[in-house]
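Asker: Starting off with a structure, shown below.
The values are calculated or read from the model by the stated rules, or taken from the named source; none is laboratory data. Everything numeric in this text was worked out from a predicted model, so none of it was measured. Note: ideal-geometry Cβ built from the backbone for every residue, glycine included; neighbour counts use all protein chains shown.
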Amino acid sequence: MKRRDMMRTLQRAASSLALWSLGAAAGAVERLRKSTAEWKALLAPQAFAVLFEEDTEPAGSSPLNDEKRKGTFVCAACFLPLFDSAHKYDSGTGWPSFFDVLPEAVGTRRDFKLILPRTEYHCARCGGHQGHVFDDGPKPTGLRYCNNGVALRFVPAGEAFPELRT
């Protein structure tokens, strides 16, 4: 096994262990567990890399940045509703940003990948990495949930949500 592959495997294992605590933080959301192979078969390569390898898409690359319609943003992996469009705003960062999440939709943990600690958040159901939350957002929460667009899917108001993946 190459060093890079070993490090990635260790990172995934550490992420999985840390995500056990997300279920408790997320409350009543029932966890969805799939193998790496199952997720890879369901998701585009970039979505898999962001959601399950904690990659980051380039700033300004997501069409969801410009999404202004009423609706709901759901996890691109399991389709759990995460954000109401009423909570979306233009943060100027190049990533879709929200000042609040739907109840019990995400869990958080500390991230030291850039040396300085940050708070990352994951889908409470499948554990898919969504982005990072910062304390420089607008009122009323003062929070900025900075999301990878490829980790989300938009469902316009009035359209049916996709069925939760099983």
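Asker: Name the residue that is surrounded by the fewest Cβ atoms within 10 Å (Cβ to Cβ), counting only residues in segment 124-151 that are in a loop (DSSP other than H, G, I, E, B) and of a type in the set (A, V, I, L, M, F, W, C).
Answerer: Just the residues of segment 124-151 that are in a loop (DSSP other than H, G, I, E, B), to begin with: 124-128, 135-143, 148.
Those left that are additionally of a type in the set (A, V, I, L, M, F, W, C): 124, 126, 143.
Values: 124: 30, 126: 23, 143: 19.
Here the residue is 143.
Asker: If you check residue 34 against the conditions, is it at pLDDT below 95 and either charged (D, E, K, R) or in contact with a Cys (Cβ under 7 Å, 6 or more places away or on another chain) (or both)? Walk me through it before giving the result.
Answerer: On the way: at pLDDT below 95: no; either charged (D, E, K, R) or in contact with a Cys (Cβ under 7 Å, 6 or more places away or on another chain) (or both): yes.
No.
Asker: Can you pull out the residues in segment 40-57 that are closer than 19 Å to residue 121 by Cα and part of a helix (DSSP H, G or I)?
Answerer: Scanning segment 40-57 gives 46, 47, 48, 49, 50, 51, 52, 53.
Asker: Report, by residue number, each residue of segment 72-123 that is closer than 12 Å to residue 144 by Cβ, touching a strand residue (DSSP E or B) at 6+ places or on another chain (Cβ under 9 Å) and not in a strand (DSSP E or B).
Answerer: Across segment 72-123, the qualifying residues are 87, 90, 91, 93, 95, 96, 99, 100, 101.
Asker: I'm checking my understanding of the structure. Among residues of segment 56-71 that are crowded, with 16+ Cβ neighbours inside 10 Å and charged (D, E, K, R), which one is farthest from residue 148 (Cα to Cα)?
Answerer: Ranking the candidates gives 67 first.
Asker: Against the condition under 24 Å from residue 31 (Cβ atoms) and touching a residue at least 60 places away in the same chain (Cβ under 8 Å), how does residue 150 come out, does it pass? Even if it seems obvious, please write down each step before you answer.
Answerer: Numbers: under 24 Å from residue 31 (Cβ atoms): yes; touching a residue at least 60 places away in the same chain (Cβ under 8 Å): yes.
Yes; evaluated as a whole, the condition is true for this residue.
Asker: A further question follows. Exactly one condition in (1) buried (at least 16 other Cβ atoms within 10 Å of the Cβ); (2) in contact with a helix residue (DSSP H, G or I) (Cβ under 8 Å, 6 or more places away or on another chain); (3) at pLDDT below 95 is not met by residue 12; state its number.
Answerer: (1) is the only condition that residue 12 fails.
Asker: For residue 60, are the conditions met, namely being under 23 Å from residue 155 (Cα atoms), in a loop (DSSP other than H, G, I, E, B), modelled with pLDDT of 95 or more and among the small types (Gly, Ala, Ser)? Give the steps one after another, and end with the answer.
Answerer: Working: under 23 Å from residue 155 (Cα atoms): yes; in a loop (DSSP other than H, G, I, E, B): yes; modelled with pLDDT of 95 or more: yes; among the small types (Gly, Ala, Ser): yes.
Taking the combined requirement at face value, the residue satisfies it.
Asker: Something else about it: Looking at segment 86-110 only, could you name the residues that are without any contact (Cβ under 8 Å) to a residue 40 or more places away in the chain, charged (D, E, K, R) and surrounded by 14 or more Cβ atoms within 10 Å (Cβ to Cβ)?
Answerer: Within segment 86-110, 88 is the sole residue that qualifies.
Asker: Scan segment 132-141 and tell me whether some residue there is closer than 27 Å to residue 38 by Cβ and hydrophobic (A, V, I, L, M, F, W, C).
Answerer: We begin by selecting, within segment 132-141, every residue closer than 27 Å to residue 38 by Cβ; these are 132.
From the residues that got through so far, the ones that are hydrophobic (A, V, I, L, M, F, W, C) too are none.
The answer is no; no qualifying residue exists.
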